[in-house]
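Taking it in order: structure first as structure tokens, then the write-up.
Readers should treat all values here as calculations from the given coordinates under stated rules, not as data from a laboratory. Just so it is clear, the structure is predicted and the values come from calculations on it, not from any experiment. Don't worry about glycine lacking a Cβ; one is built from the backbone with ideal geometry, like all the others, and counts go over all protein chains shown.
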Amino acid sequence: MAVFGKLDRTMEQIIQNPFLANFSKLNKKLFWIGIFTLIMGLSVLQDYLFSQIRDTGFYFSDSLLYNCIWIFLVPLTFLETKLLEHVKPWNKGVLIFLMPVISGVLVLLHILIFTSFFVSVSYFVFSPSHRFIRIFNSALSSEFSLLALYYFLTPFLLKSFKTAVQRASSSTMYPENIKVKQGLITISLPTQAIELISTHKPYTLIVANTNSYFDNRTIKDFETVLNPRLFLRVHRSIIVNKNLIRELRSRKNGDYDAFLSNGQTIRLSRHYRTRWKELLQ
């Protein structure tokens with residue numbers, strides 16, 4: 001299983017790449033459209049070059065229609081991930097024995113769907129139309145190995161990718177400790193110990209392990225430093241550790257009162273509802 005450990009570490013290094021770290025700023029829809037356009041273009045170009053080398057006929061419409069086979073990777077990959085989530089065989093040893101069966105079934109389903117699509121379109125576009133068995137056999141003989149490899153590796157790659165994202169977000173993007181100055185002393189405070197951060201002009205009050213600390217940084221400064229999956233800004237002057245919230249009670253005006261496990265009560269402002277609405281789910 002050392003191979004999968006190396007895969008996880010490689011994925012983590014890729015995720016930490018500065019370009020990918022800012023990927024969320026890009027238009028993801030345009031990105032994937034561009035990827036599939038590139039794949040389709042390269043596939044058609046490959047068919048053209050092959051026809052020139054072998055001195056055979058090249059028909060752009062036929063090549064474009066045939067290479068639509070790659071579009072069906074999207075829905076079938078989604079189907080594969082949902083199936084594995086339902087079965088939950090995320091033990092890598094189990095996956096190794098299970099995936100040949102799943103990938104083989106998905107390849108046959110992929111080729112059947114593609115062939116049906118190809119023949120249906122050709123019926124209206126080409127005269128005479130293409131025969132089902134001919135297209136099916138062609139796709140089966142030329143694409144089976146590549147598709148089988150793709151469907152076999154996808155669960156492992158997705159698992160490694162998710163693991164890398166979690167590690168990157170927890171270990172590199174957000175610190176495990178923050179420095180807090182108390183007079184002439186600087187304290188290293190574990191972020192996990194922080195219960196609450198609130199405005200206490202002219203300072204910011206940090207409550208951690210029932211102790212209070214004053215800091216010159218603003219609420220907004222702490223909001224950019226702390227992990228948003230754990231620390232939620234629920235009011236213009238309050239950031240709270242969501243693991244500390246044990247009860248929410250509506251004020252019937254869109255605001256809520258949050259009762260914390262340390263005995264405190266804080267107000268959740270409706271103006272920050274998009275940030276803390278997950279607490280109500």
Per the 1/(1 + (r/R0)^6) rule, R0 = 25 Å and r from the Cβ atoms of Y48 and L140, FRET efficiency to 0.05 is 0.60
Charge tally for neighbours of I39 with beta carbon under 15 Å away, counting Lys, Arg as +1 and Asp, Glu as -1, is -2
Taking r as the C-beta separation of I219 and E247 and R0 as 30 Å, the FRET efficiency to the nearest 0.05 is 0.80
Summed over the other residues with a beta carbon less than 14 angstrom from that of A208, with K and R at +1 and D and E at -1, the charge totals -2
At R0 = 35 Å the Cβ-Cβ FRET efficiency linking V101 and I35, nearest 0.05, sits at 0.75
H110 neighbourhood, Cβ < 11 Å, K/R = +1, D/E = -1, net charge -2
Taking 0.36 nm per residue of separation between Y59 and F124 and subtracting their Cα-Cα distance, the length gained on full extension comes to 21.7 nm
Too long for a 24 Å Cα-Cα cut-off, among K181/K201; K220/K242; K162/K242; K82/K242; K159/K242, are K82/K242; K159/K242
